[in-house]
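**Q** Sharing a structure with you now.
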Amino acid sequence: MDENNNYNNSPYGSNYQQPYVPKHEKPSSESGFGGGMQGINEPDRYSSPPPPPQNNYNQQSGYGQTGGYSQPNNYGAQGGYNQFGGAPQQGGYGQQGYNNNGGYDQQPRRPVYDQFMYEPIGFPEADRGQDSSNEFGFAEKKSHPTSEKTIASLFLILILISAGISIFGIIHDIVKSDELVDKIGNPQQVVLYKESKPKGANDEENFKDENGKYTPEGAAALVKPSIVKIYTYADYAGYMAKRTVGTGSGIVLNEDGYIVTNAHVLQSDGYHKVETVDGDLYDAKIVGRDAKTDIAVVKVNAKDLTPATLGDSDEAMVGEQVIAIGNPANLSNTVTDGIISAVNRKIRSDSTGFEMNCIQTNADISPGNSGGALVNMYGQVIGITSSKYVSAEFEGLGFAITINEASPVIEELIKNGFVGGRFRIGIRLRDMETEEKRKALEEVLGYELPEDFKGIYIDSIDKDSDIANTELKSGDFITEINGKTVSTYDELYDTISSQYEAGDTVPATCAHVDKNGKIDYYNIEFKLMEDTSGNY
């Protein structure tokens, strides 16, 4: 029991406390309003309160100290009129209240502070000397703030209830689990229906009809042993550490280890290995490499390799079924199928500008397929897969160099190591075949060329060539060969090859064009050199 609370037996509850009364203020022996109103919500025994408890100033009180109603207990709610003062005159707090002794209180009224509030109980305008909005001087009704202990208790009770519900649910599920499983029932055994192919379905005779035509799986089985993977290393260190710069495909030509591939799969001064379908690895040596036609031949020291059968690409028909076999994305012996989309397509190499006769197909051809085989349904290689049209707008445009056009080059490379009868000028050039190429050239120059001007732009000149000894310089143009205008690669090559051979002297007209459009023409003569490098 709180010893400072002298009124625990009060009907107002154990929290009721008698307000502190300063020594200079004397409590009246009678209730407010002359004692006539003593019976309102207050027993008679409280008309003369006992002395206040010690150190009770600013403690919560059921009554206001000097006038009006108590703040927590308002009219009609366990509280009576002010114990020590009657109703204030003129409806305000700013003046001295009338007491039971018939006079006005002589001391200023002091606000009582509630321990749960920051503001004094009563109207703030009373301290400012303003009139209260309540004409009778009654204090505005306010509710008790919620006890912190009560909130904490409620929160703890909620936690306990939630924990109890959770525990009950867990125990219930454990106890009832067997019953729930019985209700669901045991799962039925799933029967998987599986069959084998009919007996003899994989026999080779089933892959070939009476006319010698294979199914796709028959053609793939026949040609796959003739397709190899080629690894290219930039230097000897990479070769020893097996750090490749690329992989491609190749076609075995004979049992002694001659293999054909694309020139762009190899590096002229690099190192190469060949892997067969059985996983055997061999060091490969370049026999001949011709960048102009994109054909190359390598050789490995191996015996009993399985050579491919070459067909006649002139017999290829549009719509004919074909398969492509190679190593795209380093995936050995990948087979894709399709049809022949077109024949006799003239495809120009981006690196050399030389056109080759090609077969167009929709069989997937990807990086790594280069040097692989395009095979018809008779198991014959009719093309060497070399390129595809790369565009976000088009798909299924792959190309293979026809075997009929590749065969003479293969034979020359095996025989001589190069293609005989080739000539070399010793220049790198840009032509004006299209308007787009002309605009691109003008961007390189930084100015526009005269509208009617045509010629072949010289990017660079080989210092070992005969033409390097002439007046022609990089940045100039060749406009005529022996009086015939040339402005494209084909015009230059056809004009020279139709009249001259390696070792012959060729007359040419050249021009220098400045940024103001002024053209200075001059004539030169140069000797054609035999091309044995393969880097035309």
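All of the numbers you see were taken from the coordinates with simple rules; none came from a lab. Values in this document were obtained by computation on a predicted structure and should not be read as measured data. Positions of Cβ are generated from backbone atoms using ideal geometry, with glycine treated the same way; all protein chains shown enter the neighbour counts.
**Q** Only Cα pairs under 8 Å and at least 6 apart count here; give the relative contact order of the stretch 366-524 as a rounded whole percent.
**A** 15
**Q** Same structure again: How do the peptides 361-369, 503-511 rank, highest first, by the average count of neighbouring beta carbon atoms within 10 Å per residue?
**A** Packing proxy ranking, top to bottom: 361-369, 503-511.
**Q** Further, regarding this structure: Which of the lysines could a cross-linker bridge to Lys454, judged by Cα under 24 Å and excluding same-chain residues fewer than eight apart?
**A** Lys454 reaches Lys437, Lys439, Lys473, Lys484, Lys515, Lys518, Lys527.
**Q** If R₀ is 22 angstrom, what is the calculated FRET efficiency for the pair Asn344 and Lys213, using the beta carbon separation as r and rounding to 0.05?
**A** 0.40
**Q** Moving to a separate point now. List, in order, the whole-Hz ³J(HN,Hα) value for each residue of the stretch 363-376 obtained from phi through the Karplus relation with A = 6.51, B = -1.76, C = 1.60 and θ = phi - 60°; use x for Gly and Pro.
**A** Once rounded to whole Hz, the list reads 5, 4, 10, 10, x, x, 6, 4, x, x, 10, 9, 10, 8.
**Q** Please report the net charge: other residues with Cβ closer than 10 Å to the Cβ of Thr505, K and R +1, D and E -1. Please list the in-between numbers first.
**A** Details: positive: Lys527; negative: Asp466, Asp504, Glu525.
Taking every Cβ under 10 Å from that of Thr505, the sum is -2.
**Q** List, in order, the whole-Hz ³J(HN,Hα) value for each residue of the stretch 337-343 obtained from phi through the Karplus relation with A = 6.51, B = -1.76, C = 1.60 and θ = phi - 60°; use x for Gly and Pro.
**A** 10, x, 10, 7, 8, 6, 10
**Q** Now for a different question. For a quick check: with amide H placed at 1.01 Å from N, whose amide H comes under 5 Å from Val245's, ignoring anything fewer than 5 positions away on the same chain?
**A** Amide H neighbours of Val245, under 5 Å, 5+ apart: Thr232, Tyr233, Ala234.
**Q** When N is the residue count of the stretch 374-459, what does its C-alpha Rg come to as a fraction of 2.2 N^0.38 Å?
**A** Against the empirical 2.2 N^0.38 Å value, I get 1.64 for the stretch 374-459.
**Q** Okay, moving on. Where does the charge balance sit around Gly238 when Lys and Arg score +1, Asp and Glu -1, over other residues with C-beta under 15 Å from its C-beta?
**A** Net charge around Gly238: 0.
**Q** Something else: Grab the stretch 159-256 and count how many Lys pairs have their alpha-carbon atoms under 19 Å apart, sequence gap of 8 or more, or different chains. Please report the intermediate quantities before stating the final value.
**A** Details: Lys197/Lys208; Lys199/Lys208; Lys208/Lys224; Lys213/Lys224; Lys229/Lys242.
Number of lysine pairs found: 5.
**Q** Quick one: 3J(HN,Hα) in Hz for the stretch 517-527, Karplus 6.51/-1.76/1.60 with θ = phi - 60°, rounded, Gly and Pro as x.
**A** Values per residue, Gly and Pro as x: x, 6, 10, 10, 9, 7, 10, 9, 9, 9, 9 Hz.
**Q** If you don't mind, there's one more thing I want to ask. With label points built 7 Å along Cα→Cβ from the Cα atoms of Tyr522 and Leu154, find their separation and express it in nm.
**A** Simple spin-label model gives 10.4 nm for this pair.
**Q** What dipole magnitude, in Debye to the nearest 20, does the stretch 318-424 give about its Cα centre under +1 on Lys/Arg Cβ and -1 on Asp/Glu Cβ?
**A** 380
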